[in-house]
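Please read the structure below before turning to the comments.
Taken together, the values in this text are just the output of simple stated rules run on the coordinates, not laboratory data. These numbers were taken from a predicted model, which means no experiment stands behind them. In this analysis, Cβ positions are derived from the backbone assuming ideal geometry, glycine residues included, and neighbour counts consider all displayed protein chains.
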Amino acid sequence: MMKTVQRGALIVIEGVDRSGKSTQCKKLVESLISQNIKAQLMNFPDRSNLTGKLINEYLINSDCKLNDRAIHLLFSANRWENVEKMNTLLYGGTTLVVDRYSYSGIAFSAAKGGMDMNWLKQAENGLPKPDLVFLLTLNHEEAAKRVGFGEERYENEAMQKKVSNIFSQLAKEEDNWRVIEASDSIESLQAILLGHTLDVIARVAKQELKSLHF
Ligand code: TMP
Ligand code: MG
């Protein structure tokens with residue numbers, strides 16, 4: 001009998017800057033691997049590729065001038081550059097834990113104002129659709145106390161509060177989001193994320209990956 005290959009799950013963690021996404025993503029990958037589940041970390045923006053280098057310059061250099069729509073499309077292009085890699089890994093059975101995705105693209109651009117929400121979403125349509133999205137929520141006062149806050153463009157109170165509201169709005173539009181309060185300890189948060197992730201990995205293994213369709 002032919003053995004069917006089971007695909008990995010596409011898991012995304014979203015949240016405001018300094019909400020603990022990167023720590024949780026890393027730990028989640030480690031936990032999965034320790035249970036003999038193939039898993040890999042990805043993060044967006046992916047600063048290693050061509051578009052990523054431009055994006056990095058825009059984020060770290062406040063003198064860098066770039067039209068809001070142009071940078072929006074660059075963030076999106078940065079995801080499109082990785083589609084083949086993502087599909088290959090997922091269909092090869094590897095679960096991807098992704099630190100930020102299309103929802104960050106939409107939320108941060110929408111928070112700037114002046115751009116239509118449907119236009120912002122359009123660039124993301126067709127990308128692999130996450131099987132599960134965690135939204136880590138953390139009030140601004142807590143996030144701002146964490147190491148490094150304020151170093152990059154967008155890391156200011158007005159922007160982060162708007163982004164946080166838009167994330168909450170996006171979370172209500174689909175049923176594959178889990179909103180998690182992120183002020184708990186790293187360990188208790190990790191236990192919650194791992195539980196949900198293991199459920200989803202088992203549930204989607206034989207399902208086809210969907211595409212984003214806003
Ligand atoms: P990072 O802190 O996760 O490296 O992300 C850098 C910043 O880029 C962060 O403030 C969120 C922002 N961002 C966007 O504006 N659009 C996007 O599509 C992504 C992935 C991130
Ligand atoms: Mg950041």
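Put +1 on the Cβ of every Lys and Arg and -1 on every Asp and Glu Cβ in the chain; which of Asn78, Leu66, Leu209 then has its Cα farthest towards the positive end of the dipole? Positive-most Cα among the choices belongs to Leu209. For the chain, the longest principal axis of the C-alpha atoms and the axis of helix 186-204 are separated by about 60°.
In the chain, the calculated helix contribution to ellipticity at 222 nm averages -15500 deg cm²/dmol per residue, counting -39,500 (n - 2.57) for every DSSP H run with n ≥ 4.
Determine the alpha carbon to alpha carbon distance for each of Lys27/Lys65; Lys85/Lys145; Lys27/Lys161; Lys38/Lys65 and list only those over 32 Å. Mind showing how you got there, number by number?
Details: Lys27/Lys65 36 Å; Lys85/Lys145 36 Å; Lys27/Lys161 27 Å; Lys38/Lys65 41 Å.
From Lys27/Lys65; Lys85/Lys145; Lys27/Lys161; Lys38/Lys65, over 32 Å: Lys27/Lys65; Lys85/Lys145; Lys38/Lys65.
Could you give the length gained by full extension between Ser48 and Ala205, i.e. 0.36 nm per residue of separation minus their alpha carbon distance, to one decimal place?
Details: separation 157, 0.36 × 157 = 56.52 nm, distance 2.97 nm.
Gain on stretching Ser48 to Ala205: 53.6 nm.
I'd like the Kirkwood hydrodynamic radius of region 10-212, using the inverse of the mean 1/r over distinct C-alpha pairs, in Å.
Values: mean 1/r = 0.0576 Å⁻¹.
Taking every pair of different Cα atoms in region 10-212, averaging 1/r and inverting gives 17.4 Å.
For region 10-212, with only Lys/Arg (+1) and Asp/Glu (-1) charged at the beta-carbon, what is the dipole magnitude about the Cα centre, in debye rounded to 20?
Values: 25 positive and 27 negative charges, 60 e Å.
Its charge dipole is roughly 300 debye.
Can you give the angle from 0 to 90° between the axis of helix 21-34 and the longest principal axis of the chain, with both taken from C-alpha atoms, to the nearest 10? Roughly 10 degrees between the two axes. Axis angle, to the nearest 10 degrees, between helix 68-80 and the longest C-alpha principal axis of the chain: 20 degrees.
Peptides 195-202, 65-72 ordered by packing proxy, namely the average of other Cβ atoms within 10 Å per residue, highest first: 195-202, 65-72. In a reduced charge model with +1 at each Lys and Arg Cβ and -1 at each Asp and Glu Cβ, region 70-139 shows a dipole moment near 80 debye about its Cα centre.
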